[in-house]
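A short write-up of the structure that comes next.
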Amino acid sequence: MEDRNRDVGLFRYSLVREPGDPALSKAERGALVRALAAMEHATPDGRYIRVGRSTLDEWIRAWRAGGFEALVPKPRRTQLRTDSELLALAERLKREAPKRTAEQVARVMAEAGASPPSVRTIQRHLARLGLHTRPDGSPPRAYGRFEAKAANDLWTGDAMHGPLVGGAKAYLLAFIDDFSRTLAGYRWTLAEDTLRLTAALRSGLASRGVPKAILVDNGSAFVNSQFLRACAVLGIRLIHARPYTPTTKGKIERFFETVRGEFLVELEARGGAADLAELNRLFTAWVEVVYHHRVHSETGERPLDRFGSPGVLPSPAMLHEAFLWSEQRLVTKTATVSLHGNSYEVDAALVGRRVELVFDPFDLTDIEVRFETRSMGKAVPMRIGRHVHPHARPEAAPPPVLTGIDYLSLVAQRRAAELAGELIDYAAMAASSTRPAADTESEEHLS
């Protein structure tokens, strides 16, 4: 219990460490607290929870007053109100037959003439003793068949390793609608990173609308701050699946099995794809012609029919804003900020303030400066050494198309044509006249 309490204290400290910085202004602290309250956080026991603003403020005050120890929960020391003999009997009954549930323990106690405490009391007591596990020692778990109530209520995103294309491994980044099994957004890429992930998501948003929530795992691309920003701008609730629970994303995993058994097997039979463009073209045709128009074995409907109308689609301006990247920077005393080796001049009124730099990752010369969500104009480039964000790596360049022209062979052919009309090759004679005498004698001896 003591170790668990310290883990809780570390969890609280990880949240309040940055907003609790005394150097921050009230507005800066408020912005950080609001951002933290809007996110889900992984607790020490693997759950994902939201922490309210008032709770965060309370933890910040406690940390400032008493340091880390003030964030560690104090063990409750309450006197047991249930007869210890009854609790001891419940323990013996559980150990006697580990398959007994708390309800069954209570029934046995009642049948034996003892007055059992409540089932919840027995459950808590057995949990404190570590006896709430199954006979094999693993904790009890319940799995249910969840399904969203309507289209665009929930999308699930994941990545699948695919075939080699041009000597490099391809990855399928995809989002599936939980209710209809429609493949909302998808893209084959050569890298499993945030840039390619957001491109797959963007295509789905433009054609299927904006989902209320997206369920993803804890891979680096899915926890990247730029992906989180895109979801926040569009008002999408981002949910991260609990580690080591593959059934959480069962629908998209089942779809990947279909891709392997129907699409990839045929791709291999035809000799693969020449490049990434051909792979995406073939896959799009299979999805839109075959998969979306075939009756799904679980829903009994075609995915597109079950999905229905996408409703209001996001505007191009909204999509553009959502997929811009941003980073926080502190404005120096000379009213400048730096970003990946580049230097920019900003409004002098922002000196000493932490600002948000918003930009297209493929163009670091055009950066908008924002302070507390308000635009403060453009950052003026002073020194530009990098024009593209280091994480904005384009897809591998396609192999060059060979012209079939052999320049040196053409030159040699022209030389042969020139010599065809001459009896003496003066160039060869000049070369032989410059050789050492020893070489000449050696050639005569060999001849």
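The values are calculated or read from the model by the stated rules, or taken from the named source; none is laboratory data. All figures in this text were calculated on a predicted structure; none of them were measured in a lab. Heads up, the Cβs are rebuilt from the backbone with ideal geometry, glycines too, and the neighbour counts pull from every protein chain shown.
Details
- In the range 285-304, the residue that is nearest to G162 (Cα to Cα) out of those that are assigned to a helix (DSSP H, G or I) and touching a residue at least 60 places away in the same chain (Cβ under 8 Å) is V287.
- Residue within the range 344-365 that is within 29 Å of the chain's Cα centre (by Cα) and without any contact (Cβ under 8 Å) to a residue 12 or more places away in the chain present: no
Quick grid of which residues meet (1) surrounded by 22 or more Cβ atoms within 10 Å (Cβ to Cβ); (2) of a type in the set (A, V, I, L, M, F, W, C); (3) more than 19 Å from T284 (Cα to Cα):
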| position | (1), (2), (3) |
| --- | --- |
| W188 | yes, yes, no |
| L197 | yes, yes, no |
| G209 | no, no, no |
| I236 | no, yes, yes |
| E253 | no, no, no |
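- In the range 355-394, the residues that are part of a strand (DSSP E or B) and either assigned by TED's automatic domain parsing to the domain that holds A31 or more than 26 Å from A221 (Cα to Cα) (or both): F371, R374, S375, M376, G377, K378, V380, P381, M382, R383
- For the range 77-128, taking the residues that are assigned to a helix (DSSP H, G or I) and of a type in the set (S, T, N, Q), the one that is nearest to R4 (Cα to Cα) is identified as Q123.
- Some residue of the range 41-54 being of a type in the set (S, T, N, Q), within 30 Å of V331 (Cβ to Cβ), loosely packed, with under 13 Cβ neighbours inside 10 Å and over 27 Å from the mean Cα position of the chain (by Cα): no
- When R61, R92 are checked against the criterion of being modelled with pLDDT of 80 or more, surrounded by 12 or more Cβ atoms within 10 Å (Cβ to Cβ) and of a type outside the set (A, V, I, L, M, F, W, C), a single residue qualifies: R61.
- Only one of L80, L87 that is modelled with pLDDT under 90 and surrounded by 12 or more Cβ atoms within 10 Å (Cβ to Cβ): L87
- Of all the numbered requirements in (1) surrounded by 16 or more Cβ atoms within 10 Å (Cβ to Cβ); (2) part of a strand (DSSP E or B), P314 misses one, and that requirement is (2).
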